[in-house]
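J.: The structure under discussion is supplied below as structure tokens; questions concerning it will follow.
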Amino acid sequence: MTKSMANSSAQAWKSIAWLTLLGTAGSLGFSLALNYLLLFADGLTPFGRGVVTATLVPLAIGLPLFLLIGWGRVEIRRYRQELNKSATYDGLTGCLNGTVFTSIIERRVKKPSERGSRSGAFLVIHPEHLRSINLRFGIEWGDEALRLIASTIKSSVREEDLIGRIGISIFGVFLPGATEEDAKEVGERIRARVAQVYFAPKGAEDVLSIGVGGVVFENELAFDDMFRSAEQLLSRNGTDFELSRLPS
């Protein structure tokens with residue numbers, strides 16, 4: 001344990017100790033003060049005083065205490081959801097991050113589904129001219145271009161498809177059960193919609209374009225095999241979209 005961690009832990013325990021001490025002292029003081037005041041209350045029997053004390057003390061102490069505990073549980077749940085989200089999704093584009101995207105595909109390969117087709121397609125999408133955008137307008141506009149492209153991809157695929165940001169400027173789209181016609185339709189739709197996106201960095205309208213490479217398979221393959229083949233097509237054809245059928 002580092003010195004800073006030790007100091008932080010000591011401060012935390014010190015705060016807990018003070019809270020415990022002050023909370024206990026406050027509860028004890030409230031109980032004593034209430035009992036003292038009830039001694040001078042007219043018309044109350046000893047039993048009545050006991051009932052009042054037994055009712056008011058738990059309410060005064062327990063109600064705010066349980067409210068505080070409940071609020072703490074809500075906050076912990078929210079922080080846990082945020083951590084899970086940050087560990088699953090890419091913070092810039094909202095797509096699955098590369099690690100999660102790859103692991104989902106690999107789990108499908110290692111654990112075949114009991115029903116349903118094992119065929120499908122895999123697309124690799126690479127934004128064109130992103131480096132030029134970064135140099136001309138700044139990295140923040142390059143990030144905006146990536147956000148717009150990611151949003152367009154998400155609105156262009158099917159509900160069951162998976163989208164991941166698998167590189168700094170590379171997206172992967174996994175289309176389970178897709179035929180060659182399905183994959184072509186999705187790929188062309190993404191290209192067409194990206195070209196229609198309004199993008200005007202610093203007021204100067206610019207055109208976004210992407211390169212798409214894809215493979216179709218009869219039986220689900222390892223991520224590396226699909227990515228390598230799709231990336232080779234993308235590198236060879238540039239902005240032209242072409243699909244390749246992988247052997248079973």
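The values are calculated or read from the model by the stated rules, or taken from the named source; none is laboratory data. These figures come from a predicted structure and were not determined experimentally. Here Cβ is always computed from backbone atoms with ideal geometry, including for glycine, and neighbour counts include all displayed protein chains. What goes into the accessible areas is simple: the full protein's heavy atoms, side chains included, and nothing from ligands, DNA or RNA. Shrake-Rupley method; radii C 1.70, N 1.55, O 1.52, S 1.80 Å.
J.: Inside segment 198-223, can you point out the residues that are open to solvent by 30 Å² or more (accessible area, probe 1.4 Å) and not small (Gly, Ala, Ser)?
T.: 198, 202, 205, 206, 207, 218, 219, 221
J.: Moving to a separate point now. Mind listing whichever residues of segment 78-112 are surrounded by fewer than 16 Cβ atoms within 10 Å (Cβ to Cβ) and outside any helix (DSSP H, G or I)?
T.: Correct list: 91, 92, 94, 111, 112.
J.: Here is a follow-up. Residue under question is residue 144, and the condition is that it be open to solvent by 30 Å² or more (accessible area, probe 1.4 Å), under 23 Å from residue 228 (Cβ atoms) and among the acidic types (Asp, Glu); does it hold? Give the steps one after another, and end with the answer.
T.: Working: open to solvent by 30 Å² or more (accessible area, probe 1.4 Å): yes; under 23 Å from residue 228 (Cβ atoms): no; among the acidic types (Asp, Glu): yes.
Answer is no for this residue.
J.: Got a sec? Which of 159, 231, 205 is more than 23 Å from residue 100 (Cα to Cα) and acidic (Asp, Glu)? Give the derivation first.
T.: Details: 159 fails: more than 23 Å from residue 100 (Cα to Cα); 231 fails: more than 23 Å from residue 100 (Cα to Cα).
Of the residues listed, the single one that is more than 23 Å from residue 100 (Cα to Cα) and acidic (Asp, Glu) is 205.
J.: Starting from segment 59-72, keep only residues that are under 14 Å from residue 23 (Cα atoms), then list their pairs with residues that are open to solvent by less than 100 Å² (accessible area, probe 1.4 Å) and of a type in the set (Phe, Trp, Tyr) whose Cβ atoms are within a distance under 8 Å, requiring at least 6 positions of separation or different chains.
T.: Pairs found: 60/30; 61/30.
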